[in-house]
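The values are calculated or read from the model by the stated rules, or taken from the named source; none is laboratory data. Treat the numbers as computed from the prediction; the structure is a model and nothing was measured. Cβ coordinates were reconstructed from backbone atoms using ideal geometry, including for glycine residues, and neighbour counts include every protein chain displayed.
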Amino acid sequence: MTETDVVIIGAGHNGLTCAAYLAMAGLRVHVVERRKVVGGAAVTEEFHPGFRNSVAAYTVSLLNPQVIRDLRLAEQGLRIVERRAQNFLPAPDGSYLLTGEGRTKDSVARLSVHDAEVLNGFSRELEDIADVLRQFVLRAPPNLLEGFGTAAIREAMNAFQSANILRTLTLEQSRSLLDLFTRSAGEILDERFEHDLVKALFGFDAIVGNYASPYAAGSAYVMLHHAFGEVNGKKGVWGHAIGGMGAITEAMARTARDQGVAIELDAGVREIIVERERAVGVVLENGETIRAKYVAANVNPKLLYTRLIAAEALPADFLARIRHWKNGSGTFRMNVALDRLPSFTALPGEGDHLTSGIIIAPSLGYMDRAYLDARAQGWSSSPVVEMLIPSTLDDTLAPAGKHVASLFCQHVAPELPEGKSWDDHRDEVADLMIATVDSYAPGFATSVLGRQILSPLDLERQFGLLGGDIFHGALTLNQLFSARPMLGHADYRGPIRGLYHCGSGAHPGGGVTGAPGHNAAQVILRDHRALFGSRG
Ligand SMILES: Cc1cc2nc3c(=O)[nH]c(=O)nc-3n(C[C@H](O)[C@H](O)[C@H](O)COP(=O)(O)OP(=O)(O)OC[C@H]3O[C@@H](n4cnc5c(N)ncnc54)[C@H](O)[C@@H]3O)c2cc1C
């Protein structure tokens, strides 16, 4: 048996972030990870001989700058570079949109003079609201508590401070905020813009990891969620971590280990030990026991409460609700080894557009149909694909002259209809995704030397992402902010004393941010000081 101060279940980037902050504050921390590598969904692996890529998450923007600084990730060797162009959207008629610093407005103007005129205003509106919401990222949202104890008074203060942050919005910005939290991205974009590709540029962010039509209420929030980020101080920009997303989590793990954190791999947790209504440790799959003052879970909340804790140990109403925690991103992820770079009909040959997020989804209607098809048949014959070719920015991933590409594909049903299994259909759907890219870049299919396929079921099996949910739970209004993962538990504390949520199922949700890990660590430290004083 091992004894420690904090045991953390999962070495995803949030588990590692939480571990590093706790260890920096002087606590003994033991991280246990089911897989043989650290990183969770932010990991780089060789998927074809000589070809490495980010396996799941594939692009950086949301990683919080304070987390980068506090964990000294740059000193640990992390280097994040900007794409030379941000996005490239080819259309079937041969037109295209190419965005990025100094080129977006001209490219939009070639499609629609009207859209070019309103573009800056809309982008500024999103940025201004994102600026205010960024202030909520590294703090626990107000938590709803019953009664009038000290904790309730603290939460009332938190609510007051949160309201004060929101008061920095003008009345008109508050109206936009309400729109962005409640309406569909499709409606908002149809009101502002006229050209399909321009709407698709913003609309794509509304369906990333969101198994819904861009016309579904609430999809505008998902669009906003993807605007929170920045790369090297440039807001709203997406970039690439040299070495792939695993470079981020390897740097985090180095910092954590430097601070004395023990990271045990191939060490899945079978059960959380609960004694006298308090979480006091974990039992691993191999039977080993680790006892701790605090248990922090980096895993999906539904997995935590329905698989790792005995039902009798949980309040019945809590368990009943968490069983209905909504998972399922509708995402099908592939990595391909390429013999050569693709050449797009809309913009042939090499160029900066090949360093960008290449979005095959030429209109909101196309995305809407992809969702409706997936609901009816399991996947769409005209799927949405974002392709990134990170080897255009990073020569550590593929042999000289060869390339790797990430394909992030939607929509597919998290569970197939009529009892069909993803295991029987993953190859067929992978062929479809490659054919879809090939229809915009002829010759792409024959350039594929090898491929890795991750259906929603594969994502669940490999990473513990239930229903393949890339965010550990849908980013719907009933699962956000003070309701993530449930009203009354937005303060990173679970329903059992000593148990904490430090993964993406807690505020501010999914993405490689480090924020839930940071925030959970602050709460654990506060509780520790309350129990043991500053010397604890
Ligand atoms: C396909 C895909 C594409 C994505 N693309 C992007 C992107 O480009 N950019 C971006 O910012 N975000 C992206 N995301 C979202 C982002 O990767 C995740 O939201 C984030 O990485 C989750 O981090 P986490 O630390 O909270 O959890 P995870 O990374 O899920 O880590 C949880 C860890 O817990 C471990 N675990 C599970 N069960 C047990 C157990 N019983 N015992 C011990 N350990 C256990 C898992 O193995 C895992 O390592 C993507 C996600 C996916 C899946």
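Structure notes:
- Among the candidates Val280, Val299, Val222, Val231, the residue that is among the hydrophobic types (A, V, I, L, M, F, W, C), within 13 Å of the ligand (Cβ to nearest atom) and out of contact with any Asp or Glu (no Cβ under 9 Å at 6 or more places or on another chain) is uniquely Val299.
- Pairs where the first residue, in region 267-285, is at negative phi and at pLDDT below 95 and the second is among the basic types (Lys, Arg) and more than 8 Å from the ligand (Cβ to nearest atom), C-beta under 8 Å, 6+ apart: none
- Candidates Ala140, Ala152 - the one that is over 17 Å from Leu224 (Cα atoms), hydrophobic (A, V, I, L, M, F, W, C) and assigned to a helix (DSSP H, G or I): Ala152
- Within region 349-402, being touching a Lys or Arg at 6+ places or on another chain (Cβ under 7 Å) and closer than 18 Å to Gln452 by Cα holds for one residue alone: Leu397.
- Within region 93-105, restricting attention to residues that are in contact with a helix residue (DSSP H, G or I) (Cβ under 8 Å, 6 or more places away or on another chain) and surrounded by fewer than 19 Cβ atoms within 10 Å (Cβ to Cβ), the residue that is nearest to Cys18 (Cα to Cα) is Lys105.
- Taken together, the residues in region 182-202 that are within 27 Å of the chain's Cα centre (by Cα) and buried (at least 17 other Cβ atoms within 10 Å of the Cβ) amount to 13.
- Residue match in region 407-422 (condition: out of contact with any helix residue (DSSP H, G or I) (no Cβ under 9 Å at 6 or more places or on another chain), of a type outside the set (Asp, Glu), more than 10 Å from the ligand (Cβ to nearest atom) and in contact (Cβ under 8 Å) with a residue 40 or more places away in the chain): yes
- Among residues that are touching a Phe, Trp or Tyr at 6+ places or on another chain (Cβ under 6 Å), surrounded by 24 or more Cβ atoms within 10 Å (Cβ to Cβ) and within 14 Å of Gly15 (Cβ to Cβ), Ala515 is not included.
- Met252 being in contact with a helix residue (DSSP H, G or I) (Cβ under 7 Å, 6 or more places away or on another chain) and more than 25 Å from Ser380 (Cα to Cα): yes
- Index of the failed condition, Ser112 passing every other in (1) touching a residue at least 24 places away in the same chain (Cβ under 8 Å); (2) among the polar types (S, T, N, Q); (3) closer than 19 Å to Glu350 by Cα: (3)
- Residue list for region 447-505, restricted to those being in contact with a strand residue (DSSP E or B) (Cβ under 6 Å, 6 or more places away or on another chain), within 15 Å of the ligand (Cβ to nearest atom), of a type in the set (A, V, I, L, M, F, W, C) and farther than 18 Å from Leu308 by Cα: Ile453, Leu454
- Applying the criterion of being under 19 Å from His507 (Cα atoms) and in contact with a helix residue (DSSP H, G or I) (Cβ under 7 Å, 6 or more places away or on another chain) to the residues of region 284-299, the residue that is surrounded by the most Cβ atoms within 10 Å (Cβ to Cβ) is Asn298.
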